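Encoded as structure tokens, the structure appears first; notes follow it.
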Amino acid sequence: LQAYERRFPTCPLIPMFVASDTVNEYKSEDEAIHVIERRCKLDIDAPRLLKKIAGVDYVYFVQKNSLNRRERTLHIEAYNETFSNRVIINEHCCYTVHPDNEDWTCFEQSASLDIKSFFGFESTVEKIAMKQYTSNIKKGKEIIEYYLKQLEEEGITFVPRWTPPVACKLESSTSHTRRPVSPAINIPDSATKEGLNSKEILNISSSPSEPTAGTPDDKLDADYIKRYLGDLTPMQESCLIRLRQWLQETHKGKVSYCWPPVTLFLRARDFNIDKAREILCQSLTWRKQHQVDYILDTWNPPQVLQDYYAGGWHHHDKDGRPLYVLRLGQMDTKGLVRALGEEALLRYVLSINEEGLRRCEENTKVFGRPISSWTCLVDLEGLNMRHLWRPGVKALLRIIEVVEANYPETLGRLLILRAPRVFPVLWTLVSPFIDDNTRKKFLIYAGNDYQGPGGLLDYIDKEIIPDFLGGECMCEVPEGGLVPKSLYRTAEELENEDIKLWTETIYQSASVFKGAPHEVLIQIVDASSVITWDFDVCKGDIVFNIFHSKRAPQPPKKDSLGAHSITSPGGNNVQLIDKVWQLGRDYSMVESPLICKEGESVQGSHVTRWPGFYILQWKFHSMPACAATNLPRVDDVLASLQVSSHKCKVMYYTEVIGSEDFRGSMTSLESSHSGFSQLSAATTSSSQSHSSSMISR
């Protein structure tokens, strides 16, 4: 305990621990009980942009230490004070004396994380929290040993045990019931240095009779291992054999994996066979469900991808790894998402990874040494704010998650060239989703730095440097460019793909008829929330309105022929405002009507003033002379089904966030033409005005 107490008020070994203050302290008269509560100030290792969005530089935790000298126990409880209404973090540690050996200390630790909401960055916060927590656990032993050594240097090597005062010695000496504890484990220093976790050490220690390798019949051929898998230690070879046995028993005849990818799953989990088996099993199920094994033979990329996806394979690097070139700066990410959808893009990326595995296998045979990963060269010349379009970034993050989970350790090196000033923003969004081991393989060059020492020539032969990077080798990678809007497709068209890899789509599609607008209901609980939208008018001219009502409208009828819900091949039509409602009495207009012409793309936002129900409405635009307020809806709908000129189509995407979170939010980058970035100035005066709305085409 004396060593532990030296961590306060701050600890040089924990850079994130900035300061701490004692809030409450209690000591019993006999000094057996000592409870101290501290408020700790932490500088979390999080992207600066995320801190800016959250509006904080530091977070505060409350830590309560309860020492019971009579029971010889120390309980440590900690919980977050900052963002406690959005994120709930609880941690509990317990130090006890081992019941069979008083020279041993038992340590147990548990923690829980519950993220309710965090400005749309829930996944990022979860990854940051888990990374921080794992890092602290790894350093725990190092820190306590540091202070123990410090005590020894000061001549303190023994602390006398607490004894009750004389008046208390006559009390009953009945032994107190102890909570069950885990047996102490003597952790060898060599295991700690090799990075084994406690569970792995326990498994090794508890079964000393288990051989480190299988029987001769189980072993893989030594020449095969060296040629195709590389040098493995006896322990690693044992893990590989045991995993192969498990696959043969549980997936007999169903596994198409060759052995190098299986080894990659083991490497991705530091040859922890239980963890590797878990992710491998999940991946095998995923491959079977989505028929990934047949993607190269059965799926042909759409022509749009072949023309506008600026990426392709290009020879190999100096280590023999296949080389993939991606000209991301020349690629129209928004156009590709709108023309193909997330599913086709993901499927194409999967086909690239499958092709990469095949090329690795071929290069292994050609070069006579194990090659299980490839090198990716990414040229960012031309990268701008358009590439930070929010749905496009979301699609990219989901692709990264799928690839990380199912193709671990396949990226040998990533060369990022000609990174512009906007690149740090993209990197801040993407990096939390990338595994630490993968991130170490990134090499980033700004401007023409790649041409100097430590640049491309260190990794790629001069003869194969692409021509667009100043080399002499012609690169047949498509040049990309803007995808014509005529190739954009509706959400329904994108959903009609045969194989569904994702069930979630960013955009929804709707049909708007004369006299039958399409309406979306948004319930607002907290005043001053921000409603954002991004929609394209695919056909016809429409009028966009926003209404507010204190009471909820009746849910739309399920009868597809009724006036409240119409289903058509071109999209849904939902009407929420009842025909008996009167404007000004039952609901009010909170924005001036916006007339949108066919082909226009509109982005905007509205700062709400009151809680309640907001209705976004897309209405058929009629000439002023023909406008009417109370048209018979059923008759007009039936007429619209016969007159195609009375039908419009829109594709839309909406989102709601808190106004305090919206200021400086990455949502401002949802479109390169969006007016979201102008909102921060408007929100400061939102309490004085009815609303603040930014709309741009």
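The values are calculated or read from the model by the stated rules, or taken from the named source; none is laboratory data. Worth saying up front: this structure is predicted, and the values here are computed from it rather than measured. Reconstructed Cβ throughout: ideal geometry from the backbone, glycine too, with neighbour counts over all protein chains shown. With ligands, DNA and RNA removed, areas are computed over all heavy atoms of the protein, side chains included. Shrake-Rupley method; radii C 1.70, N 1.55, O 1.52, S 1.80 Å.
Say we look at segment 378-408 and pick out the residues that are out of contact with any Phe, Trp or Tyr (no Cβ under 8 Å at 6 or more places or on another chain) and in a loop (DSSP other than H, G, I, E, B); which of these is most open to solvent (accessible area, probe 1.4 Å)? First the steps, then the outcome.
To start, the set of residues in segment 378-408 that are out of contact with any Phe, Trp or Tyr (no Cβ under 8 Å at 6 or more places or on another chain) comprises 378, 381-382, 384-390, 392-396, 399, 402-403, 407.
Now narrow it down to the ones that are in a loop (DSSP other than H, G, I, E, B): 381-382, 384, 389, 407.
Working: Glu381: 84, Gly382: 39, Asn384: 68, Trp389: 1, Tyr407: 11 Å².
Taking the candidates together, the pick is Glu381.
For Gly470, are the conditions met, namely being over 16 Å from Leu383 (Cβ atoms) and open to solvent by less than 20 Å² (accessible area, probe 1.4 Å)? Spelling it out, it is not the case that Gly470 is over 16 Å from Leu383 (Cβ atoms) and open to solvent by less than 20 Å² (accessible area, probe 1.4 Å). Looking across segment 258-308, the residues that are more than 26 Å from the chain's Cα centre (by Cα), modelled with pLDDT under 80 and open to solvent by 40 Å² or more (accessible area, probe 1.4 Å) come down to Cys258, Trp259.
Counting only helices (runs of 4 or more DSSP H) wholly contained in segment 568-684, the ones carrying 2 or more residues that are at pLDDT 50 or above occupy 659-662.
Within segment 98-149, being under 13 Å from the mean Cα position of the chain (by Cα), closer than 19 Å to Glu81 by Cα and among the small types (Gly, Ala, Ser) holds for one residue alone: Ala129. The requirement of being open to solvent by 60 Å² or more (accessible area, probe 1.4 Å), closer than 24 Å to Ile399 by Cβ and part of a helix (DSSP H, G or I) is fulfilled somewhere in segment 483-491, by at least one residue.
For residues in segment 409-439 being outside any helix (DSSP H, G or I) and more than 15 Å from Trp374 (Cα to Cα), which is nearest to the chain's Cα centre (by Cα)? Ranking the qualifying residues of segment 409-439, first place goes to Ile434. Selection of segment 327-374 for residues being surrounded by fewer than 23 Cβ atoms within 10 Å (Cβ to Cβ), touching a Gly at 6+ places or on another chain (Cβ under 8 Å) and closer than 21 Å to Trp299 by Cα yields only Ile352.
In segment 409-449, of all residues being β-branched (Val, Ile, Thr) and without any contact (Cβ under 8 Å) to a residue 60 or more places away in the chain, the one that is most open to solvent (accessible area, probe 1.4 Å) corresponds to Ile444. In segment 315-327, the condition of being assigned by the TED database to the domain that holds Ala405 and part of a helix (DSSP H, G or I) is met by no residue. For segment 73-100, give me the residue count where each residue is at positive phi and modelled with pLDDT of 90 or more. Counting residues in segment 73-100 that are at positive phi and modelled with pLDDT of 90 or more gives 0.
The criterion of at least 2 residues that are open to solvent by less than 80 Å² (accessible area, probe 1.4 Å) and more than 30 Å from Val159 (Cα to Cα) is met by the following strands (runs of 3 or more DSSP E) wholly inside segment 1-113: 33-42, 59-68, 87-97.
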